[in-house]
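A.B. asks: Before I ask anything, here is the structure I am working with.
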Amino acid sequence: MDPLSGALGVVAGVTSIVSIIGKSVVALNQLRQKYRDAELNITLLTGQLRIIQRALLQVQGWAQNLQGDSQHYQLLLDLSDAVAHCKLLVEYIHNQISKFQWGDDALLGPGSKVIYLLEDQATKDCLARLALHINTLNLCLTATRCLTPQDQGQLLHRKASRKVFDRAKDDATSLIGFRDSASFATFRTNLSTDTKFSRTFDFDGLLLRHKIYQNTFRSMLRRANSPTEERAVKRGQRRALSDTPVLQLKTTARDSAKIDLVLKADARKLSKEVKILAVGDKHGRSSIVKQMRQRYGQPFSDAEIEDYRRSITSLAIKALVAVLDYVTDLGRGFVRQASRDHADIILAFSKSGAPEWSVSTEIAASVKHIWNNWHVQQAFSAMRKDGQTAFYLSAIERICRPDYKPNNIDIIRGPENFETMRETELILPSSTLRVIELREQHAMKIMSQFADVQFCLFPIDLTCYDRYHDDANQTNELRERLSYLKGICLSSYFTKSIILLVLTNATAFKDRIAMSPMKSHFDDYTAGNDFHAATKYILKKCRQVNRTELPLFWHIHDLNDGKAEAIHRFFRQSAASITAVSWLRDIGLGAT
C-alpha cells in the first residue's frame, strides 16, 4: 500500500469524525447543565469522546507530516480500519444525542426524557465501546513511534494486538445494522428511509440470476402488462385461489426433492456406518480386511488379482534367491552343472522379471529343479515356518507356473503396498463397516484425523514373541507391539473408541512355542509351553497397557481361515456392543 495515499484517506476520515465529536460534546454539555441527575454519565461519556478526539488529532498530525517514509503495510491497514470503526461509533452516538427535542422553555420535551443515553445499560455500552476504540487508536499511535517498519510489524502482529483489533472490528460490525450509511464495506440501496436491511451483498446478483427468481420476475412482468381491469379485485370480494398466479417451479421442486432424498439416504447410511481404524501388525490388519471383504461378497477385480499375482511371484522368486545365497555362503554349492545352470536362470529372472513377472515354461522348470534340490530343502528346513516368506516358498512350484492365478489364501497373505492409508467399505446385513488402514510409519502423524472412529483394530502376531529387531537395543517385537498399543490407549483421540484386539497366527504360535519357550524371552512367564496359558499371558499384557480402561474386545484368529467365519462373528458381536458400551459409559462403568 502507498503510504501517501493511505495517509490522505486517514486525514480525510479524521476531519469528519472530529467535527461530529465536537457537535456531540456541545450537546452533552448542554444536557448536563439542564439535568444535574445525569452529571456522572454525561461527564464520563464526554471525557471518552474528548480522548477519542485527541487521539484522532494525533493520528491526523502524523499522517500530515508523513513524507513518504517507509511504513509497514499492516500499520496503514489497521489505522484505516481504526478510523473507519471510530466513525461508525461516533456517528451512532451522535444519532442518539440528536434525538433530543428541546421545548420553548429550553427544557427537554416529555418524549426526550426517556432516551437511550440516560439508561444505565445504554451508557455502559457506549462507554465500553469508546474504551475499546481508544485502545485501538493508542495501539496504532504506539506503532507510529516505532523506529523501523519491522518493529511496527512485530508490534501489530502480536497475538494480543490482533485480539484488540478483532474486537474493535466485531464491535463496528454490530453497529452497521444501526446505521449502514456509515459502513465503508457496503453501500446503500436507493431507499428513502434508513433501514438495517438496506445493505446489498456480492452474492445478491448470483441469487437474482437463479431460475427461481427469474421465474418470479417474469410472472410479475406478465401481471404488470396485463389489463388493469383483469387484475383488479372488487373491494370486499375474496379473491379465488384459481386467480392467484402459480409459479412454474416444477423442475426446481423436482430437483429439490431429489436432493432431499439423497440427503436422507446419506443420513440413514451414516447412522448405520461403523468406522474402524486398522493399525498394528501390517500383515495382520491387511489379511483381516481382505478376509472380511471376501466374506461379504466383495470379490477382487481381475486387475487386483493380477497385481497380487505379480507381487506374490516377485516375493517367491526373491525368497528363493535368498535361499540360494544362503546355500552358497555355507559352502554347499551345487555339484551338478545342471543345477548351477538352473540357478543362473532364476538369478537372471529375479533381476529382469519386473514389473510383469511373467513366468515362462523354462523358468518354471528351473524353479522346480532347484526347489527339489537337497541343499535347498535343508536350508528351507532351518527357516522359520510362521512367516509370509515361508508360506510362499512352500508353494513356489504352484506359484511359478505360467498359468498361476492366486487363490483366496494367497491373496489374504499377500503383500500390501500403499503409500499412507487405504479405505475399504464392507457391507454387512445391518450396518456398513468402513475400515481405514494406516501404515505404521505414518500412523502417529495423521492419527488425529480419525478421532471419531468407533473402533480401533489392533492385530498382534502371536509368533513375534521371540523375534528381535536388528538394532542396538535388540528390541523384542512383542514388547514393541505392546508399547504401540499403550500409545493408542493413552491417546486423547480415542477416549470414546473400542479396541478390537486380534491375536493372529494362532496355529503357527502353537507349533512355535513348543520349540522356543516363552520363558526364555519373558522372565515373568511361568506357565510352561502350553498354548492357552501363553495366549492368556499375552492377553494379560495387553490389558495391562490399557491404563485408561478403554472397552477392549479380543479374538484369537488364524489367517488360514479362508471363509473367515470366526472373524465375522467377532466383528458382528463387536459392532452390536456399541449401544451397550455407551450405556455403561453413561453410568460410569467401563467394559473389557
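A.B. asks: Using a cut-off of 11 Å between beta-carbons, work out the net charge of the residues near ARG162 (Lys and Arg +1, Asp and Glu -1, ARG162 not included).
C.D. replies: +3
A.B. asks: Also, quick follow-up: Tell me, what is the FRET efficiency for ASN135 and PHE300 to the nearest 0.05, using R0 = 51 angstrom and their Cβ-Cβ distance as r?
C.D. replies: 0.20
A.B. asks: Identify the residues of the stretch 395-416 with backbone N under 13 Å of a label point that sits 7 angstrom from the Cα of SER311 along the Cα-to-Cβ direction, or state none.
C.D. replies: It comes to 410-416, nothing else.
A.B. asks: What full-extension length gain, to one decimal in nm, is calculated for ASP260 and ASP341 as 0.36 nm per residue of separation minus the Cα-Cα distance?
C.D. replies: Length gained between ASP260 and ASP341: 22.1 nm.
A.B. asks: At a 10 Å Cβ-Cβ cut-off, how would you order SER352, SER483, fewest neighbours first?
C.D. replies: Ranked by crowding around the Cβ, least crowded first: SER352, SER483.
A.B. asks: At a 10 angstrom cut-off on C-beta neighbours, averaged per residue, how do the peptides 80-87, 517-524 rank from highest to lowest?
C.D. replies: Most protected by this proxy first, the peptides run 80-87, 517-524.
A.B. asks: Hey, rough spin-label estimate for SER516 and SER448, points 7 angstrom out along Cα→Cβ, what's it come to in nanometres?
C.D. replies: The answer from the label model is 3.8 nm.
A.B. asks: Now a separate question. Evaluate the distance, in nm, between pseudo-label points positioned 7 Å from the Cα of ASP151 and of ASN407 along their respective Cα→Cβ axes.
C.D. replies: Taking the simple label geometry, ASP151 and ASN407 are separated by 8.2 nm.
Coordinate-derived values only; no laboratory data. Fair warning: this is a prediction, and the values are worked out from it, not measured in the lab. Quick reminder, even Gly has a Cβ in these numbers, built from the backbone with ideal geometry, and neighbours come from all protein chains shown.
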